Amino acid sequence: MTWAAPARPVWVERLNAHGDAVGGAGHLVGLDPEELIATAMASTGLDDFGATTWRPHYDVLLAALEAESDLHVVGRMMARTEILRSLRNRLELEALWADRPEVLDQPVTAPVFVIGMARSGTSILHEILACDRAHRAPATWELLHPAHGPGEAEAWGDATHAFWHDVQPEYEAMHHNAGELPNECIFATMNEFLSDHWGGVHEVPSYTMHLVGADHTDAYRYHRRILQTLQAREPGERWLLKAPSHLATLDALFAVYPDARIVHVHRDPLKTVPSTLSLMATLKWMRCNHTDPVATAPLLAWGFGALLDGVIEGRASGRLPDAQFADIRYADLLADPIAAVAGVYDQFAWDFPPSTSQAMADYLAARPQGKHGIHRYALEDFGLDPAEERARFLPYQQHFRVPDEP
(Lines give C-alpha, C1' and ligand atoms only; values in the text may rest on other atoms or scores of the structure.)
Protein backbone atom coordinates (compact mmCIF):
# COMPACT_ATOMS: atom_id res chain seq x y z
CA MET A 1 0.00 0.00 0.00
CA THR A 2 1.30 3.49 -0.83
CA TRP A 3 0.05 7.01 -0.18
CA ALA A 4 -2.72 7.96 -2.56
CA ALA A 5 -3.52 11.59 -3.31
CA PRO A 6 -7.04 12.50 -2.19
CA ALA A 7 -9.58 13.51 -4.79
CA ARG A 8 -9.78 17.22 -5.41
CA PRO A 9 -13.12 19.01 -5.07
CA VAL A 10 -14.82 19.55 -8.41
CA TRP A 11 -14.54 23.34 -8.17
CA VAL A 12 -10.75 23.05 -7.76
CA GLU A 13 -10.44 20.77 -10.81
CA ARG A 14 -12.56 23.16 -12.88
CA LEU A 15 -10.55 26.20 -11.85
CA ASN A 16 -7.27 24.42 -12.55
CA ALA A 17 -8.58 23.48 -16.00
CA HIS A 18 -8.58 27.19 -16.87
CA GLY A 19 -4.78 27.03 -16.73
CA ASP A 20 -4.62 23.92 -18.90
CA ALA A 21 -6.86 25.62 -21.45
CA VAL A 22 -4.44 28.51 -21.99
CA GLY A 23 -1.19 26.55 -22.01
CA GLY A 24 -0.32 26.57 -18.33
CA ALA A 25 -1.27 28.05 -14.97
CA GLY A 26 1.61 30.53 -15.20
CA HIS A 27 -0.21 32.41 -17.97
CA LEU A 28 -3.05 33.16 -15.55
CA VAL A 29 -1.23 33.70 -12.25
CA GLY A 30 2.24 35.19 -12.46
CA LEU A 31 5.07 34.70 -9.96
CA ASP A 32 7.71 36.98 -11.41
CA PRO A 33 9.91 38.19 -8.50
CA GLU A 34 10.22 41.79 -9.65
CA GLU A 35 6.55 42.12 -10.60
CA LEU A 36 5.53 40.85 -7.15
CA ILE A 37 7.77 43.42 -5.47
CA ALA A 38 6.37 46.18 -7.68
CA THR A 39 2.80 45.07 -6.93
CA ALA A 40 3.44 45.05 -3.19
CA MET A 41 4.78 48.61 -3.38
CA ALA A 42 1.95 49.82 -5.61
CA SER A 43 -0.71 48.25 -3.38
CA THR A 44 0.65 49.89 -0.23
CA GLY A 45 2.12 53.10 -1.58
CA LEU A 46 5.34 52.23 0.29
CA ASP A 47 8.83 51.37 -0.91
CA ASP A 48 10.99 50.55 2.13
CA PHE A 49 11.37 46.81 2.81
CA GLY A 50 13.93 47.37 5.57
CA ALA A 51 17.18 45.40 5.77
CA THR A 52 17.99 43.45 2.61
CA THR A 53 18.71 40.18 4.44
CA TRP A 54 15.48 38.69 3.09
CA ARG A 55 16.28 39.12 -0.60
CA PRO A 56 18.64 36.14 -1.19
CA HIS A 57 16.09 33.77 0.39
CA TYR A 58 13.30 35.33 -1.67
CA ASP A 59 15.22 34.81 -4.90
CA VAL A 60 15.95 31.14 -4.12
CA LEU A 61 12.29 30.53 -3.24
CA LEU A 62 10.84 32.21 -6.32
CA ALA A 63 13.24 30.35 -8.63
CA ALA A 64 12.35 27.05 -6.96
CA LEU A 65 8.61 27.70 -7.24
CA GLU A 66 8.89 28.16 -10.99
CA ALA A 67 11.41 25.41 -11.71
CA GLU A 68 10.33 22.68 -9.29
CA SER A 69 6.84 23.10 -7.88
CA ASP A 70 4.57 22.50 -10.92
CA LEU A 71 1.88 24.66 -9.32
CA HIS A 72 -1.66 24.51 -10.66
CA VAL A 73 -3.91 27.57 -10.84
CA VAL A 74 -5.18 27.34 -7.27
CA GLY A 75 -1.67 26.63 -6.03
CA ARG A 76 -0.20 29.62 -7.85
CA MET A 77 -2.96 31.82 -6.48
CA MET A 78 -2.24 30.64 -2.93
CA ALA A 79 1.52 31.12 -3.40
CA ARG A 80 1.03 34.59 -4.89
CA THR A 81 -1.21 35.58 -1.97
CA GLU A 82 1.36 34.47 0.60
CA ILE A 83 4.31 36.10 -1.19
CA LEU A 84 2.47 39.38 -1.64
CA ARG A 85 1.27 39.31 1.94
CA SER A 86 4.84 38.79 3.19
CA LEU A 87 6.16 41.63 1.03
CA ARG A 88 3.33 43.93 2.10
CA ASN A 89 3.98 43.02 5.75
CA ARG A 90 7.58 44.13 5.43
CA LEU A 91 6.54 47.43 3.86
CA GLU A 92 3.79 48.12 6.39
CA LEU A 93 5.93 47.13 9.37
CA GLU A 94 8.83 49.33 8.30
CA ALA A 95 6.42 52.25 8.00
CA LEU A 96 4.98 51.50 11.44
CA TRP A 97 8.45 51.27 13.04
CA ALA A 98 9.55 54.50 11.38
CA ASP A 99 6.50 56.25 12.82
CA ARG A 100 6.76 54.58 16.24
CA PRO A 101 10.41 53.61 16.86
CA GLU A 102 9.71 53.10 20.56
CA VAL A 103 7.92 49.86 19.67
CA LEU A 104 11.29 48.22 19.01
CA ASP A 105 12.67 49.29 22.39
CA GLN A 106 10.34 46.97 24.30
CA PRO A 107 11.85 43.94 26.04
CA VAL A 108 10.70 40.44 25.10
CA THR A 109 11.37 38.60 28.34
CA ALA A 110 11.70 34.81 28.71
CA PRO A 111 9.40 33.79 25.86
CA VAL A 112 8.11 30.22 25.92
CA PHE A 113 8.49 28.04 22.83
CA VAL A 114 6.57 24.76 22.42
CA ILE A 115 8.62 22.46 20.20
CA GLY A 116 8.64 18.82 19.15
CA MET A 117 8.29 16.72 16.07
CA ALA A 118 5.38 17.75 13.88
CA ARG A 119 2.26 15.79 14.82
CA SER A 120 3.55 15.18 18.36
CA GLY A 121 0.86 17.19 20.15
CA THR A 122 2.51 20.61 19.98
CA SER A 123 -0.65 22.29 18.66
CA ILE A 124 -3.00 21.06 21.37
CA LEU A 125 -0.42 21.78 24.08
CA HIS A 126 0.04 25.29 22.69
CA GLU A 127 -3.71 25.83 22.81
CA ILE A 128 -3.98 24.43 26.35
CA LEU A 129 -1.19 26.68 27.62
CA ALA A 130 -2.82 29.64 25.87
CA CYS A 131 -5.75 29.28 28.30
CA ASP A 132 -3.49 30.80 30.96
CA ARG A 133 -4.12 34.54 31.16
CA ALA A 134 -0.40 35.04 31.85
CA HIS A 135 0.41 33.78 28.37
CA ARG A 136 0.29 35.92 25.23
CA ALA A 137 -0.09 33.61 22.24
CA PRO A 138 -0.22 35.24 18.79
CA ALA A 139 -3.42 34.45 16.91
CA THR A 140 -3.29 33.35 13.29
CA TRP A 141 -4.65 36.66 12.03
CA GLU A 142 -2.00 38.59 13.99
CA LEU A 143 0.82 36.55 12.47
CA LEU A 144 -0.60 36.94 8.96
CA HIS A 145 -1.24 40.70 9.31
CA PRO A 146 1.00 41.98 12.14
CA ALA A 147 0.77 45.65 11.16
CA HIS A 148 -3.04 45.61 11.44
CA GLY A 149 -5.21 45.69 14.52
CA PRO A 150 -8.46 43.75 15.11
CA GLY A 151 -11.20 44.15 12.57
CA GLU A 152 -10.69 43.40 8.92
CA ALA A 153 -7.43 41.55 9.59
CA GLU A 154 -9.30 39.01 11.73
CA ALA A 155 -11.67 38.25 8.86
CA TRP A 156 -8.79 38.12 6.36
CA GLY A 157 -6.83 35.69 8.52
CA ASP A 158 -9.78 33.41 9.14
CA ALA A 159 -10.86 33.31 5.50
CA THR A 160 -7.35 32.75 4.18
CA HIS A 161 -6.62 29.77 6.38
CA ALA A 162 -10.12 28.30 6.32
CA PHE A 163 -9.72 28.27 2.53
CA TRP A 164 -7.17 25.47 2.92
CA HIS A 165 -10.01 23.24 4.12
CA ASP A 166 -12.07 24.22 1.08
CA VAL A 167 -9.25 23.31 -1.31
CA GLN A 168 -8.69 19.92 0.35
CA PRO A 169 -11.40 18.93 2.85
CA GLU A 170 -9.31 16.00 4.18
CA TYR A 171 -6.88 18.52 5.63
CA GLU A 172 -9.27 19.61 8.40
CA ALA A 173 -9.04 16.19 10.05
CA MET A 174 -5.25 16.61 10.11
CA HIS A 175 -5.02 20.19 11.35
CA HIS A 176 -7.86 22.59 12.05
CA ASN A 177 -7.19 26.20 11.08
CA ALA A 178 -9.01 29.30 12.27
CA GLY A 179 -8.11 32.97 12.42
CA GLU A 180 -8.47 33.29 16.19
CA LEU A 181 -6.44 30.18 17.10
CA PRO A 182 -2.79 30.55 18.11
CA ASN A 183 -0.45 29.55 15.31
CA GLU A 184 3.15 28.80 14.46
CA CYS A 185 6.20 31.04 14.32
CA ILE A 186 6.73 29.99 10.68
CA PHE A 187 4.11 32.61 9.80
CA ALA A 188 6.34 35.29 11.33
CA THR A 189 9.65 34.10 9.87
CA MET A 190 8.09 33.71 6.42
CA ASN A 191 8.32 37.50 6.15
CA GLU A 192 12.10 37.03 6.08
CA PHE A 193 11.49 34.36 3.38
CA LEU A 194 13.41 31.94 5.59
CA SER A 195 10.72 29.66 6.94
CA ASP A 196 9.74 26.01 7.01
CA HIS A 197 6.34 27.10 5.74
CA TRP A 198 7.52 27.53 2.16
CA GLY A 199 9.11 24.09 1.89
CA GLY A 200 6.30 22.45 3.83
CA VAL A 201 3.59 23.39 1.33
CA HIS A 202 5.49 23.41 -1.98
CA GLU A 203 7.73 21.03 -3.90
CA VAL A 204 10.88 23.17 -3.67
CA PRO A 205 13.86 20.90 -2.89
CA SER A 206 16.47 23.52 -3.77
CA TYR A 207 14.87 25.99 -1.37
CA THR A 208 14.66 23.29 1.33
CA MET A 209 18.40 22.66 0.99
CA HIS A 210 18.97 26.43 1.17
CA LEU A 211 16.88 26.53 4.36
CA VAL A 212 18.93 23.75 5.96
CA GLY A 213 22.22 25.51 5.27
CA ALA A 214 21.14 29.07 6.13
CA ASP A 215 21.85 31.07 9.26
CA HIS A 216 18.42 31.71 10.81
CA THR A 217 19.53 34.45 13.22
CA ASP A 218 18.11 37.26 11.06
CA ALA A 219 14.79 35.41 10.82
CA TYR A 220 14.58 35.27 14.61
CA ARG A 221 15.52 38.94 14.86
CA TYR A 222 12.61 39.77 12.57
CA HIS A 223 10.42 37.40 14.59
CA ARG A 224 11.32 39.39 17.71
CA ARG A 225 10.36 42.68 16.02
CA ILE A 226 6.96 41.22 15.17
CA LEU A 227 6.44 40.19 18.80
CA GLN A 228 7.36 43.71 19.92
CA THR A 229 4.81 45.11 17.48
CA LEU A 230 2.05 42.81 18.69
CA GLN A 231 2.76 43.39 22.39
CA ALA A 232 2.71 47.16 21.88
CA ARG A 233 -0.91 46.69 20.84
CA GLU A 234 -1.81 44.02 23.41
CA PRO A 235 0.71 43.26 26.19
CA GLY A 236 1.01 40.01 28.10
CA GLU A 237 3.09 38.61 30.94
CA ARG A 238 5.07 36.23 28.72
CA TRP A 239 4.97 35.16 25.09
CA LEU A 240 3.78 31.64 24.28
CA LEU A 241 5.03 30.49 20.89
CA LYS A 242 5.21 27.29 18.90
CA ALA A 243 6.66 25.58 15.85
CA PRO A 244 8.11 22.12 15.26
CA SER A 245 10.70 23.72 12.98
CA HIS A 246 12.42 25.34 16.00
CA LEU A 247 13.98 21.90 16.58
CA ALA A 248 16.33 22.58 13.66
CA THR A 249 17.28 26.15 14.63
CA LEU A 250 17.63 26.17 18.41
CA ASP A 251 21.10 27.72 18.28
CA ALA A 252 19.76 30.74 16.40
CA LEU A 253 16.71 30.89 18.67
CA PHE A 254 18.87 31.13 21.79
CA ALA A 255 21.17 33.65 20.10
CA VAL A 256 18.21 36.04 19.85
CA TYR A 257 16.27 34.85 22.93
CA PRO A 258 18.94 33.74 25.45
CA ASP A 259 16.38 33.58 28.29
CA ALA A 260 13.83 31.52 26.30
CA ARG A 261 12.03 28.61 27.91
CA ILE A 262 11.45 25.49 25.82
CA VAL A 263 8.64 22.97 26.31
CA HIS A 264 9.60 19.89 24.30
CA VAL A 265 6.82 17.40 23.53
CA HIS A 266 7.92 13.81 22.92
CA ARG A 267 5.88 11.26 21.00
CA ASP A 268 6.58 7.89 19.38
CA PRO A 269 8.29 8.75 16.06
CA LEU A 270 6.61 5.83 14.35
CA LYS A 271 3.43 7.86 14.74
CA THR A 272 4.79 11.34 14.08
CA VAL A 273 6.81 10.46 10.97
CA PRO A 274 3.99 9.00 8.82
CA SER A 275 1.53 11.59 10.10
CA THR A 276 3.93 14.38 9.09
CA LEU A 277 4.53 12.81 5.68
CA SER A 278 0.77 12.52 5.12
CA LEU A 279 0.18 16.12 6.21
CA MET A 280 2.95 17.53 4.03
CA ALA A 281 1.84 15.51 1.02
CA THR A 282 -1.70 16.84 1.40
CA LEU A 283 -0.49 20.43 1.75
CA LYS A 284 1.61 20.10 -1.40
CA TRP A 285 -1.21 18.37 -3.29
CA MET A 286 -3.36 21.43 -2.52
CA ARG A 287 -0.95 23.50 -4.59
CA CYS A 288 1.00 21.23 -6.95
CA ASN A 289 0.01 18.99 -9.85
CA HIS A 290 2.33 16.25 -8.59
CA THR A 291 3.90 15.23 -5.28
CA ASP A 292 5.71 12.01 -4.38
CA PRO A 293 6.09 11.61 -0.61
CA VAL A 294 7.22 7.99 -1.00
CA ALA A 295 10.34 9.13 -2.87
CA THR A 296 11.33 11.64 -0.19
CA ALA A 297 10.26 9.64 2.90
CA PRO A 298 13.63 7.93 3.61
CA LEU A 299 15.53 11.22 3.56
CA LEU A 300 12.94 12.96 5.71
CA ALA A 301 12.93 10.12 8.27
CA TRP A 302 16.73 10.31 8.44
CA GLY A 303 16.51 14.08 8.88
CA PHE A 304 13.98 13.79 11.68
CA GLY A 305 16.26 11.33 13.48
CA ALA A 306 19.26 13.63 13.08
CA LEU A 307 17.29 16.58 14.50
CA LEU A 308 16.30 14.68 17.63
CA ASP A 309 19.81 13.32 18.13
CA GLY A 310 21.14 16.87 17.73
CA VAL A 311 18.89 18.19 20.50
CA ILE A 312 20.05 15.43 22.85
CA GLU A 313 23.70 16.22 22.06
CA GLY A 314 23.18 19.98 22.38
CA ARG A 315 21.56 19.71 25.79
CA ALA A 316 24.10 17.18 27.07
CA SER A 317 27.10 19.20 25.90
CA GLY A 318 25.83 22.50 27.27
CA ARG A 319 25.58 24.10 23.84
CA LEU A 320 21.86 24.39 24.58
CA PRO A 321 20.82 25.45 28.13
CA ASP A 322 19.32 22.23 29.50
CA ALA A 323 17.85 23.95 32.56
CA GLN A 324 15.64 26.04 30.26
CA PHE A 325 13.95 22.93 28.81
CA ALA A 326 10.89 21.16 30.18
CA ASP A 327 10.04 17.76 28.70
CA ILE A 328 6.52 16.41 28.38
CA ARG A 329 5.49 13.09 26.89
CA TYR A 330 2.52 12.92 24.55
CA ALA A 331 1.33 9.76 26.30
CA ASP A 332 1.16 11.65 29.60
CA LEU A 333 -0.53 14.61 27.91
CA LEU A 334 -3.16 12.26 26.53
CA ALA A 335 -3.70 10.36 29.79
CA ASP A 336 -3.99 13.37 32.11
CA PRO A 337 -3.41 16.67 30.34
CA ILE A 338 -3.81 18.90 33.39
CA ALA A 339 -1.35 16.86 35.46
CA ALA A 340 1.14 16.79 32.58
CA VAL A 341 0.90 20.56 32.16
CA ALA A 342 1.24 21.06 35.92
CA GLY A 343 4.67 19.39 35.71
CA VAL A 344 5.82 22.09 33.27
CA TYR A 345 4.55 24.81 35.61
CA ASP A 346 6.41 23.23 38.51
CA GLN A 347 9.68 23.09 36.60
CA PHE A 348 9.52 26.74 35.55
CA ALA A 349 8.07 27.91 38.89
CA TRP A 350 5.01 29.45 37.25
CA ASP A 351 1.82 30.09 39.20
CA PHE A 352 -0.86 27.52 38.39
CA PRO A 353 -4.05 28.66 40.15
CA PRO A 354 -7.23 26.56 40.07
CA SER A 355 -8.83 29.05 37.68
CA THR A 356 -6.14 28.33 35.09
CA SER A 357 -6.41 24.55 35.36
CA GLN A 358 -10.21 24.85 35.11
CA ALA A 359 -9.95 27.02 31.99
CA MET A 360 -7.71 24.38 30.43
CA ALA A 361 -10.09 21.57 31.36
CA ASP A 362 -13.05 23.49 29.90
CA TYR A 363 -11.15 24.10 26.68
CA LEU A 364 -10.33 20.40 26.30
CA ALA A 365 -13.92 19.42 26.97
CA ALA A 366 -15.05 21.65 24.11
CA ARG A 367 -12.36 20.32 21.76
CA PRO A 368 -12.43 16.51 21.93
CA GLN A 369 -9.88 14.55 19.91
CA GLY A 370 -11.22 13.77 16.44
CA LYS A 371 -13.75 16.61 16.51
CA HIS A 372 -12.90 17.49 12.89
CA GLY A 373 -12.45 13.90 11.68
CA ILE A 374 -9.88 11.12 11.94
CA HIS A 375 -6.49 11.34 10.24
CA ARG A 376 -5.41 7.87 9.08
CA TYR A 377 -1.82 7.03 8.10
CA ALA A 378 0.81 4.29 8.31
CA LEU A 379 4.57 4.03 7.80
CA GLU A 380 4.02 1.44 5.09
CA ASP A 381 2.08 4.02 3.04
CA PHE A 382 5.42 5.75 2.47
CA GLY A 383 7.58 2.70 1.87
CA LEU A 384 9.18 2.82 5.32
CA ASP A 385 9.97 -0.32 7.31
CA PRO A 386 8.72 -0.17 10.92
CA ALA A 387 11.63 -2.24 12.27
CA GLU A 388 14.21 0.00 10.62
CA GLU A 389 12.51 3.15 11.83
CA ARG A 390 12.17 1.79 15.37
CA ALA A 391 15.91 1.13 15.41
CA ARG A 392 16.63 4.62 14.06
CA PHE A 393 14.68 6.35 16.81
CA LEU A 394 15.50 3.96 19.67
CA PRO A 395 18.20 6.21 21.25
CA TYR A 396 15.77 9.12 21.29
CA GLN A 397 12.98 7.04 22.81
CA GLN A 398 15.28 5.60 25.46
CA HIS A 399 16.72 9.00 26.36
CA PHE A 400 13.33 10.62 26.93
CA ARG A 401 11.51 7.41 27.94
CA VAL A 402 9.04 7.75 25.08
CA PRO A 403 6.75 4.71 24.93
CA ASP A 404 5.84 2.86 21.74
CA GLU A 405 2.28 3.50 20.59
CA PRO A 406 0.09 0.72 19.21
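The values are calculated or read from the model by the stated rules, or taken from the named source; none is laboratory data. Keep in mind the model is a prediction, meaning the values are calculated, not measured. Cβ atoms come from the backbone with ideal geometry, glycine included; neighbour counts cover every protein chain shown. Note: areas computed on protein heavy atoms with side chains; ligands, DNA, RNA excluded. Shrake-Rupley method; radii C 1.70, N 1.55, O 1.52, S 1.80 Å.
Brief remarks on what is shown
- Cβ-Cβ distance of ALA365 and ALA335, R₀ of 25 Å, FRET efficiency by 1/(1 + (r/R0)^6): the value works out to about 0.95.
- Centre separation in Å (Cα based) which lies between the stretch 51-124 and the stretch 197-244: 7
- Overall form of the stretch 212-269: oblate. Here a/c, set by the Cα gyration tensor axes a ≥ b ≥ c, is 1.5 or more, and a/b is not larger than b/c.
- Sum of side-chain charges, PRO293 neighbourhood, beta-carbon under 9 Å (Lys, Arg +1; Asp, Glu -1): -1
- Compactness relative to 2.2 N^0.38 Å, alpha carbon Rg of the stretch 188-316: 1.15
- Percent accessible area from carbon and sulfur atoms, the stretch 38-188, protein chains only, probe 1.4 Å: 54
- With contacts taken as Cα pairs under 8 Å and at least 6 residues apart, the stretch 13-160 reaches a relative contact order of 23 percent.
- For the stretch 237-375, carbon and sulfur atoms together expose 57% of the accessible surface, with a 1.4 angstrom probe and every protein chain in place.
- Take the Cα of ASP166, go 7 Å toward its beta carbon, and the backbone nitrogen atoms of the stretch 2-42 under 11 Å from that spot belong to 12.
- At q = 0.14, 0.16, 0.17, 0.26 Å⁻¹, base-10 log of I(q)/I(0) for the stretch 69-113 (Debye sum, equal scatterers on each alpha carbon): -0.59, -0.67, -0.69, -0.89
- Counting heavy atoms of the protein chains alone, ASP309 has an accessible area of about 70 Å² for a 1.4 Å probe.
- In the full protein context, the chain carries 42 Å² of accessible surface per residue, based on a 1.4 Å probe and ignoring ligands, DNA and RNA.
- The stretch 305-406 shape via C-alpha gyration tensor axes, a/c threshold 1.5: oblate
- Summed side-chain charge close to TYR330 - residues other than TYR330 whose Cβ falls under 10 Å, Lys, Arg +1, Asp, Glu -1: +1
- Förster radius 45 Å - calculated FRET efficiency between ALA21 and GLN106, Cβ distance, rounded to 0.05: 0.30
- Radius 12 Å from Cβ of LEU129, net charge of other residues (Lys, Arg +1; Asp, Glu -1): +3
- Gained length - TRP156 relative to ALA98, 0.36 nm times residue gap less alpha-carbon distance: 18.4 nm
- For the peptides 328-336, 292-300, the ranking by mean Cβ contacts within 10 Å, running from highest to lowest, is 328-336, 292-300.
- Label reach from LEU307 (point 7 Å along Cα→C-beta): in the stretch 130-164, no amide nitrogen lies under 20 Å.
- Around the amide H of LYS242, modelled in the peptide plane, lie the amide H atoms of VAL114, CYS185, all under 5 Å away and 5 or more residues distant in sequence or on another chain.
- The chain, relative contact order in percent, only Cα pairs under 8 angstrom and at least six apart counted: 23
- Order by protection proxy (mean Cβ within 10 Å, highest first), peptides 345-356, 276-287, 158-169: 276-287, 158-169, 345-356
- The stretch between ALA173 and GLU380, if pulled fully straight at 0.36 nm per residue, gains 72.5 nm over its current Cα-Cα span.
- Annotation: extensible slack from ALA295 through ALA387 equals 31.2 nm (criterion: 0.36 nm per residue apart, minus Cα-Cα distance).
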